[in-house]
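The next block holds one structure in the form of structure tokens; read it before the comments.
Quick note: the coordinates plus some simple rules give every number you see, no bench work behind them. None of these values were measured; they are calculated from a predicted model. Glycine also receives a Cβ, built like all others from the backbone with ideal geometry; neighbour counts cover every protein chain displayed.
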Number of protein chains: 2
Amino acid sequence: MKTTEDKILLSHGNGGRIMHELISDFFVKHFGNRILEQQGDSAILPVYAAALAAGPHSGSAGNNKQAARGKSGLPEIAFTTDSFVIDPIFFPGGDIGKLAVCGTVNDLSVSGAVPLYLSASFIIEEGFPMKDLETIVRSMASEAKKAGVLIVTGDTKVVNKGKCDKLFINTSGIGMIDNASRLDKKISSIKPGDLIIINGALGEHGMAVMNARESFNFKTPLKSDCACLNYLIRDVLDNSSSVKFMRDPTRGGVATVMNELAGMIHLGIELSEPDLPVGKGVMAMCELLGFDPLYIANEGKVVMVASEKEGSRIVEVMKKNKLGKQSAIIGRVVKDHPGKVVLNTETGGKRILASLSGDPLPRIC
Amino acid sequence: MKTTEDKILLSHGNGGRIMHELISDFFVKHFGNRILEQQGDSAILPVYAAALAAGPHSGSAGNNKQAARGKSGLPEIAFTTDSFVIDPIFFPGGDIGKLAVCGTVNDLSVSGAVPLYLSASFIIEEGFPMKDLETIVRSMASEAKKAGVLIVTGDTKVVNKGKCDKLFINTSGIGMIDNASRLDKKISSIKPGDLIIINGALGEHGMAVMNARESFNFKTPLKSDCACLNYLIRDVLDNSSSVKFMRDPTRGGVATVMNELAGMIHLGIELSEPDLPVGKGVMAMCELLGFDPLYIANEGKVVMVASEKEGSRIVEVMKKNKLGKQSAIIGRVVKDHPGKVVLNTETGGKRILASLSGDPLPRIC
């Protein structure tokens, strides 16, 4: 490990630099395989190709590399997982159940996949109210229906009182992805001039949860943006082949996703502060508490990179969807300062947006 | 809900009757769809058929029923999930990491699928020692390698100290299953005279964990049977088409699995006490503490139903695998007492084996 900590810190779970060090120096190192090393939001599995080439009894996943290389023309399987430990479990705009469905649907969608099936695994604290569980389960069912996915398998564990905090939910998801939609293959085509696009306002999830947790009772209503983005994303992909990258800026916010991207493409990214959509409530709360909306978690947002030519058209497509009304071009890829993200401020200055290190908001998802 | 409890009890997670009521009256009711209602250890997903018939953009999972009915001749996808909250996380014979890999590999295998890919999602308590995490991650990597599966995607959440107990792991798994191996389609062919077969001794996981947790310090060594059974099960399925049911008797043990089966087939099951393989250590500990090995969790066992004609041959096949040395025919399906499981005791008596209700051993997996 690069980090010298001998104990797990809250920041190992915040989506920022320290978490990524843990993942790369620890999980990827030990579990290492080419699929895991892709490090997108979903793993793309060469299951179809293997099946067509060799049948299911051809051996283990480790042995079917050759089969996997076969060109089947069929879509492949996208696979992702997420555990949700949000506190509080009910918040304005949603609950842990809705979040668990949206989070996994979105992870599949931003990889370019069509989400189809989810698992739902519950770790419940002894004594948890049955009526709250029912509310959460109903919320998951309703959100899954809206997104057109089926919850097809599950698990329930109960732990003694005091050994977990109310309720944790894991959802894993399976989607289908065809070759043309595979965004993991397009990242290398990103070039200076490409545009950074987002489908709406920053930081609503994080600030709504923070407000609910701490009972600040801001007068401006704060509501999580928690939503399934699969139809919005499909609209974009069906209307433009120029999208080269998508990511849902959850833990660590837009700044953290942009830092990861800049690191991967070895180019610079500039964001334009005047163009960033930020709601009044989020802005007020961030100013009061000293947070930057660019680092606050979103659960209904997608950040995209697309060609300069098609940027405006993509924004128009998204604006037709109710989850994309405030879509905006917020920045661009540049040749300068490779690997770094720079904010062009309202006042005409420039500020480097570093990758998140500490964790200002633990248990935000 | 049939149960009148207004709070979650430990027994809602024990694998027995109360847990199954929670699942059927709650999760299946709200998430309800035909795939979930199969209620096997894995969901079998008509993904290939849908893809071949319609392509990935044909719409949502809920809309591709027609496509799913198409006969593709290709294998389908098996999908399963399990969260692990075992206490203690290290125990003789394994640790939470090894268990998390084996549990999901086995859930896929007993459905007749070839396990291929796993996800690994960690919920970690702040302050958890990094070296313990490394031990557990190495253990997962080693077990995955042995079983021929790849860990392809993951997630890490950290919660504040005191808000979870050290470490919880969710693994979800994807396998391939061809039509001939689909055990869910064979259960209706079970008939009186069919044999109940197990690959070895009962109760080793539960008693080893109990001993480690409570520090009874029994002189007879107790070691968990935690193991991946995919190759053993594949040997059986490749050598006999007469297997009609497989299940891994984890929480609730063999008696609970047999009760579920008896309920599904509306036939009786008789187990023969003299034929049950039980190790000395497990027997001694069960006698002292008043447990019945038939209700104790196993993590390296599979219970099968096969035709009378092929029972002995299946036992011979399993004995050739080191995880099947103590394989035995332990009972049979009968016309009498439909839906009930009866034990023919050593002393010539008969005893009804009811479904588990309370939870003698919480957090066993």
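Of the residues A:Ala297, A:Ala78, A:Ala262, the one that moves most in a GNM of chain A with alpha-carbon contacts below 10 Å is A:Ala262.
Which shape class applies to chain B: rounded if a/c is under 1.5, otherwise prolate when a/b exceeds b/c and oblate if not, where a ≥ b ≥ c are the square roots of the Cα gyration tensor eigenvalues? Rounded.
Let a ≥ b ≥ c be the square roots of the eigenvalues of the Cα gyration tensor of the protein assembly as shown; is it rounded (a/c under 1.5), or, if not, prolate (a/b larger than b/c) or oblate?
prolate
Below 13 angstrom from the Cβ of A:Lys335, what's the summed charge of the other residues (Lys, Arg +1; Asp, Glu -1)? That works out to 0. Compute a Gaussian network model of chain A, connecting alpha carbons closer than 10 Å, and tell me which residue from A:Lys29, A:Lys340, A:Lys219 fluctuates the most. For chain A, modelled as a Gaussian network with Cα springs under 10 Å, the answer is A:Lys219. Between A:Glu346 and A:Asn179, the modelled labels are 5.0 nm apart [label points 7 Å from Cα along Cα→Cβ].
Between the DSSP loop rule and a limit of at most 14 other Cβ atoms within 10 Å, which trypsin sites (Lys or Arg not before Pro) in the range B:151-186 are left?
Answer by residue number: B:Lys161.
Taking the label point 7 Å along Cα→Cβ, B:Ala180 and its counterparts in the other copies are spaced 3.7 nm apart, in ascending order.
The calculated FRET efficiency for B:Ser312 paired with B:Lys29, based on their beta-carbon distance and R0 = 45 Å, is about 0.55. Taking GluC sites (Glu not before Pro) in DSSP loop states with no more than 14 other Cβ atoms inside 10 Å as exposed sites, chain B has its longest site-free stretch at B:6-345. The range B:209-274 and the range B:280-330 have their alpha-carbon centroids 6 Å apart.
Relative contact order, whole percent, for chain A stands at 22, derived from Cα pairs under 8 Å and 6 or more residues apart. Amide H contacts of A:Gly127: B:Ile8, B:Leu9, each under 5 Å away and 5 or more positions distant or on a separate chain (H built 1.01 Å from N in the peptide plane; Pro and chain starts excluded).
Note on B:21-30: average number of Cβ atoms from other chains within 10 Å of each residue's Cβ is 4. Can you find, among A:His266, A:Ser307, A:Phe216, the residue farthest towards the positive end of the dipole of the range A:187-352? Put +1 on the C-beta of Lys and Arg, -1 on that of Asp and Glu. With unit charges placed on the Cβ atoms, the residue in question is A:Ser307.
Rounded to the nearest whole Hz, the Karplus-based 3J(HN,Hα) values (6.51 cos²θ - 1.76 cosθ + 1.60, θ = phi - 60°) of the range B:348-365 follow the sequence x, x, 10, 9, 6, 9, 6, 6, 4, 10, x, 10, x, 9, x, 6, 8, 8, with x at glycine and proline. Pull out a ≥ b ≥ c, the square roots of the eigenvalues of the alpha-carbon gyration tensor of the range B:277-344, then state rounded if a/c is under 1.5, prolate if not and a/b is larger than b/c, and oblate in the remaining case. Oblate is the answer for the range B:277-344, as a/c is 1.5 or above yet b/c matches or exceeds a/b. Potential lengthening of the chain between B:Lys145 and B:Lys335 amounts to 64.0 nm, from the contour at 0.36 nm per residue minus the alpha-carbon distance.
Counting Cβ atoms of other protein chains within 10 Å of each Cβ in B:105-116 and taking the mean gives 2. B:Lys309 label point (Cα plus 7 Å toward Cβ) to equivalent points in the other copies: 6.8 nm, shortest first.
Projecting 7 Å from Cα along the Cα-to-Cβ direction, the label point of B:Ser241 sits 4.6 nm from its equivalents in the other copies, listed shortest first.
Applying 1/(1 + (r/R0)^6) with R0 = 30 Å to the Cβ-Cβ distance of B:Lys322 and A:Asp238 gives a FRET efficiency near 0.05.
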